[in-house]
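One structure below.
The values are calculated or read from the model by the stated rules, or taken from the named source; none is laboratory data. Quick caveat: nothing in here was measured; it's all calculated off a predicted structure. Using ideal geometry, Cβ is built from the backbone for each residue, glycine included, and neighbour counts are taken over all protein chains shown. Note: areas computed on protein heavy atoms with side chains; ligands, DNA, RNA excluded. Shrake-Rupley method; radii C 1.70, N 1.55, O 1.52, S 1.80 Å.
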Amino acid sequence: MERSALPPNWEVRTSKSRGIDYYFNRVTGESVWEPPSAEKEVEMRASHILAKHIQSRNPMSWKKVPIERTPEEAKEKVRDIRQQIIGKPVGDETEEELEARMPAKEKLARFAKLAAEESDCSSARHNGDLGFFGRGKMQKAFEQAVLSLKVGQISGPVKSDSGYHIILRTK
């Protein structure tokens, strides 16, 4: 993106640790990896449960427990947690149908409880809630997964540099 095409108060800077450009707002102090848009920003809100693994960007948990699981084990862990939240389909029923029938309050309560107990992210202290965020604030795979969900829907396993997530879109 050309510097002249940036919205007011935004500038391009280069990350010292990564050596790549990012975008910085001189007024708010906000920094993002994706070019900011002059259009109204899409705000979303989500909760997540993260299972880190030995190849994660930062393979340490807020629980101070060393991460020793493989990527495959992390993916399986979030699959199992999702099933604990929505249950196991019976007969020809799909997971999507099962989830759609589940009362929203019950789904949120189960998700929050398991996020607090199982997530390797410090957001576990807030039952997995990440608060409101806009485009470019989260890792691209995570953001794309949130945008693909309807409010109240839980994703399947989502792979990011941090590990594997299941995500509940709340706004």
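For the chain, the dipole from Cβ point charges (+1 on Lys and Arg, -1 on Asp and Glu) about the Cα centre works out to 520 debye, to the nearest 20. Rounded to the nearest Hz, the phi-derived 3J(HN,Hα) couplings of the stretch 76-89 under the Karplus curve 6.51 cos²θ - 1.76 cosθ + 1.60 (θ = phi - 60°) are 5, 4, 5, 4, 5, 5, 4, 5, 5, 6, 9, x, 10, x, where x marks glycine and proline.
Using θ = phi - 60° in the Karplus curve 6.51 cos²θ - 1.76 cosθ + 1.60, the 3J(HN,Hα) couplings for the stretch 124-138 round to 4, 5, 10, 6, x, 5, 9, x, 7, 8, x, 4, x, 8, 10 Hz; x is entered for Gly and Pro.
How much area per residue is accessible in the stretch 8-72 when the probe is 1.4 Å and only protein heavy atoms are counted (Å²)? List each step's numbers first, then the result.
Details: 4350 Å² over 65 residues.
In whole numbers, the stretch 8-72 has 67 Å² accessible per residue.
The residues of the stretch 74-114 expose on average 64 square angstrom of accessible surface per residue, using a 1.4 Å probe on protein heavy atoms. Share of carbon and sulfur in the accessible area of the stretch 1-137 stands at 49%, probe radius 1.4 Å.
Rounded to the nearest Hz, the phi-derived 3J(HN,Hα) couplings of the stretch 95-104 under the Karplus curve 6.51 cos²θ - 1.76 cosθ + 1.60 (θ = phi - 60°) are 4, 5, 5, 4, 5, 4, 7, 6, x, 4, where x marks glycine and proline.
Comparing PRO71, PRO35, PRO103 in a Gaussian network model of the chain where C-alpha atoms under 10 Å apart are linked, the largest mean-square fluctuation is found at PRO103.
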